[in-house]
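Engineer: Sharing a structure, written as structure tokens. Questions coming.
Read-outs: derived from the displayed coordinates by stated rules, not from any lab. Values in this document were obtained by computation on a predicted structure and should not be read as measured data. Please note: Cβ atoms are built from the backbone with ideal geometry, for glycine as well, and neighbour counts cover all protein chains shown.
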Amino acid sequence: MKPSEQEELVHRWVDGDLDPAEETRIEGLLANDPHLRDEADSLNSLRESLRSEFPAEQEPPYPDFFNSQIQRLIVEDEQTTTAPTQSPAETKSAFSWFALPWGIAAAALAGVAFMGLSRPSADGTGSLASAAAVGATVVSTTYTPMIGVTADTFFSDEADATVIRLAGLATLPSSIEIEGYAAASYQPDLGGAAQLRCIDGEILYVLLEDSQGTPRFLAQ
Amino acid sequence: MVARSLILPLLFLLLGSAKAQEPVVETDAEIWGGLLYAVGPDTDAADQDSEPRGIDVTALADLQKRLAIVFGDDKTYHLVGEHTQGLFKQYESWLVPSKELFLKLDSKGPADGGGVNLNLQLWQEKKVIMKTDATLRPGSPLFIEGPKWRDGNLVFVVLLPKNG
């Protein structure tokens, strides 16, 4: 039996997906190959720990977004990896572990960590998983590009609001006057500019983006 | 010199005439953005107070109550500026209650179960200080605590109204 066929058989054995003849065959293989036995035990152990963390059937809170991110990562991986010459069967088995239920669960565990759903905030209010559970706004990823600035994201059960606290921002000078508007919705213009108006109709300014996407406000 | 002085008026003229002809761009939702100034009650910040125009007074009061729960009830939350903006399907949208702190929004489409998926970039003048992917649910606000200013600090509120 080729190594890839053995691997597939082991995976199906871990999932309890073998017929009696295959069961007999795998037991013989495991008895004679300690390395294969170790691999099978390791897979079984991972399967059990994932099963204890996740219910048998539960979709991630935002399956479409989650699946699109997984799919994007797969495509990127396929594009950047230089694959050695493989037969179609072997190529299929290279990703077959991912398609198996416990493989998806393993990815879900990584995705949960990536999305920060399991992390409660430092002040003890609800985790973002609470937000998802009650159908509230959810923040899945946050990035602060400026050095020294960090973001703490959490869901406040009591306020029923999702919060991002930014730390490390420079204090605005007291000398500046912060002018606020009651701005109305604008439509984008053909030239890429946006004419922002007050709710009363008065033109506030024209918003243009430079070549780097940085906005410039042109006063009337 | 004469030519330069004509540029802006010409720009507005062109924008005005173009606006009359261009089709309405489709949106996935309408988003309300408010910039609030959180400051202690002893500080006179009346000049930073605006009457809400994009949401009703009751809704603003509810937001202010929630802000107090999160950021402290020893402060008053003054509405500095607001902007109600359609979230374009194809293009990025700007949510600008003030030029000092504003958002760039990029719709990722409707969310299952209601609401909208989007990417938000928080800008402070010419710098991006935060980027985030989020799913806004109707009636469920997102509070972003911003920089300190004078005796308090700025808070940006993003809300997908329940009827939006």
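Engineer: Compare the peptides B:59-66, A:13-20 by average per-residue count of other Cβ atoms within 10 angstrom and give them in order, highest first.
Structural biologist: Averaged packing, sorted descending, gives the order B:59-66, A:13-20.
Engineer: Over 18 Å between Cα atoms, which of B:75/B:99; B:99/B:126; B:104/B:148; B:104/B:162; B:127/B:148; B:131/B:162 qualify?
Structural biologist: B:75/B:99; B:104/B:148; B:104/B:162; B:131/B:162, as the Cα separations exceed 18 Å there.
Engineer: Averaged over peptide A:140-152, how many Cβ atoms belonging to another chain are found within 10 Å of each residue's Cβ?
Structural biologist: Mean inter-chain Cβ contacts per residue within 10 Å come to 4.
Engineer: Also: Return one quarter of the surface area of the convex hull spanned by the alpha-carbon atoms of segment A:127-220, equal to its mean projected area, in nm².
Structural biologist: 9.7 nm²
Engineer: Starting from a Cα-only point model with no solvent, please compute log10 I(q)/I(0) by Debye for segment B:41-159 at q = 0.21 1/Å.
Structural biologist: Reported log10 I(q)/I(0), two decimals: -1.38.
Engineer: What ranking do A:26-34, A:199-207, B:67-75 get when scored by the average of other Cβ atoms within 10 Å per residue, highest first?
Structural biologist: Most protected by this proxy first, the peptides run B:67-75, A:199-207, A:26-34.
Engineer: If you take each beta carbon of peptide B:106-116 and count the beta carbons of other chains within 10 angstrom, what is the mean?
Structural biologist: 2
Engineer: I would also like to ask the following. How big is the gap, in Å, between the Cα center of segment A:171-215 and the Cα center of segment B:85-101?
Structural biologist: Using only Cα atoms to place each centre, the spacing works out to 9 Å.
Engineer: Then there is this: Please say if segment B:30-98 is rounded, prolate or oblate, where rounded means a/c under 1.5 for a ≥ b ≥ c the square roots of the C-alpha gyration tensor eigenvalues, and otherwise the choice is prolate for a/b larger than b/c and oblate otherwise?
Structural biologist: Prolate, since a/c reaches 1.5 and a/b exceeds b/c.
Engineer: Then there's this: Based on the Cα gyration tensor of segment B:102-147, what are the three equivalent ellipsoid semi-axes, each the root of five times an eigenvalue, rounded to whole Å and given largest first?
Structural biologist: Equivalent-ellipsoid dimensions as semi-axes: 22, 12, 6 Å.
Engineer: Order the peptides B:142-149, B:31-38 from the highest to the lowest mean number of other Cβ atoms within 10 Å of their residues.
Structural biologist: Per-residue mean Cβ counts within 10 Å order the peptides as B:31-38, B:142-149.
Engineer: Taking Rh as the Kirkwood radius computed over C-alpha pairs, what is the Stokes-Einstein D of segment A:146-193 at 4 °C in a medium of viscosity 1.567 mPa s, expressed in µm² per second?
Structural biologist: 85 µm²/s
Engineer: How far apart, in nanometres, would the label points at residue A:167 and residue B:57 be if each is projected 7 angstrom from Cα along the Cα-to-Cβ direction?
Structural biologist: 3.9 nm
Engineer: Related question: Could you work out the mean count of beta carbons from other protein chains within 10 Å of each residue's beta carbon in B:152-159?
Structural biologist: Mean partner-chain Cβ count within 10 Å for B:152-159: 2.
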